[in-house]
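Every number in this text was worked out from the coordinates using simple rules, so none of it is lab data. Bear in mind the structure is a predicted one, so any value in this text is a computation, not a measurement. Don't worry about glycine lacking a Cβ; one is built from the backbone with ideal geometry, like all the others, and counts go over all protein chains shown.
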Amino acid sequence: MLIPCPYCGQRDVSEFTYQGDGNRTRPNPSSTDRAAWNAYVYDRTNPAGEHREIWQHSGGCRAHIVVVRNTLTHAVVASSMARARTRADRREPT
Amino acid sequence: MADRLSPLEPVYRPGNHGNLAGGAGVVLGERQPGSIVQLAVWSGQERPALAVMLDVTGMRLPDGAGSGSAREDIAAFGFAPGRFLLVSEAEGLADRLRAALSEELGTVTDLSHGRTAFRIAGAKAEWVLAKLFAIDFALAAFPTGAGRSTSHHDIFAQIQRSGPEQFDLYVFRSFARSFWHTLCRAAEETGYEVR
């Protein structure tokens, strides 16, 4: 499987480390809502199709990237810098 | 000036090795640059930080991911977003950069003792490197001056093309002897000269 790193271009999957599901949102660290934490830690949608996930190009530029991958075909349909998403999230009102 | 010690010293054998039927296809060697420096720039500060680099080193980097420039005495390239490797024959580059670069722009890390620098040159250099790394070494895809971050198994390497048939590799010093063995084995097929 090839993953398109936004900085380095197409690279072999062996250069990357999977960092988990990219759909979940961490609750506020001061939250004591056990249901929210349980959902964050354990609940996964496990789709048969397109899945948004976080990878790190650990054997390359070391950037964290958001990859949309089809779990049936392994086709990667989109990739972008995770830092861009973090910045966008910060701008949203809380 | 302090003595420069090489991690390759016990296994570095100058001379011709491997299959020499067609002559040595590549020349392998260790370089011992005086300075290897990492410049890490805060997000959005690339232009002013690279202007400081131009002032201090005279190196102007083209725009774009992995772009770089190589001269005999100094080389620089981007290897990750906002991160650049500078390699100079002169010692003390880290101090000169640190003095010129405001903390508002980025940080300077002296890696001179942490990396070992290899050079592979010759008609078969692309061929030998392509055995080790899953990236495209063709001149059109990897132009002169450009840099790449990649790894061979778990040995991380930063590679700069410093000439049409010449590459410089920077490897963690603690992995250098192991990597040297690998590089020599990969070059046995084409024959190699160690200088």
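Across the options B:Val11, B:Ile36, B:Gly22, the greatest Cα extent toward the positive end of the charge dipole of chain B (unit charges at beta carbon of Lys, Arg, Asp, Glu) belongs to B:Gly22.
Taking amide H atoms as placed 1.01 Å from N in the peptide plane, the amide H of B:Gly145 lies under 5 Å from those of B:Arg161, B:Ser162, B:Gly163, each 5 or more residues away in sequence or on another chain. Summarising the overall dimensions of the range B:35-110 from its C-alpha atoms, the Rg and Dmax are 10.9, 31 angstrom.
Within the listed set A:Arg69, A:Arg52, A:Arg26, the Gaussian network model of chain A (springs between alpha-carbon atoms below 10 Å) gives the highest mean-square fluctuation for A:Arg26. Relative to one another, the C-alpha centroids of the range B:14-32 and the range A:1-37 are positioned 44 Å apart. Cβ crowding within 10 Å, taken as a proxy for footprinting-reagent exposure, orders A:Cys61, A:Cys5 from fewest neighbours to most as A:Cys5, A:Cys61.
Charge tally for B:Ala76 (other residues, Cβ to Cβ under 12 Å; Lys, Arg +1; Asp, Glu -1): +1. This model, with +1 at the C-beta of Lys and Arg and -1 at the C-beta of Asp and Glu, gives chain B a dipole about its Cα centre of some 280 debye. Remark on the range A:2-91: ratio of C-alpha radius of gyration to 2.2 N^0.38 Å is 1.18. Evaluating kT/(6 pi eta Rh) at 4 °C and 1.567 mPa s, with the Kirkwood radius of the range B:1-134 over Cα pairs in the Stokes-Einstein relation, gives 78 µm² s⁻¹. Listing A:Thr73, B:Thr116, B:Thr109 from fewest to most neighbouring C-beta atoms within 10 Å gives A:Thr73, B:Thr109, B:Thr116. 3J(HN,Hα) along the range B:150-162: 7, 8, 10, 6, 9, 8, 6, 9, 10, 10, 10, 7, 9 Hz, from the Karplus curve 6.51 cos²θ - 1.76 cosθ + 1.60 with θ = phi - 60°, whole Hz, x for Gly and Pro. Taking the centroid of alpha carbons for each part, the range B:88-121 and the range B:126-152 are 23 Å apart. Ranking B:Gly58, B:Ser102, B:Ser69 by Cα position along the charge dipole of the range B:35-110, where only Lys, Arg, Asp and Glu carry charges on their C-beta atoms, puts B:Ser69 farthest toward the positive end.
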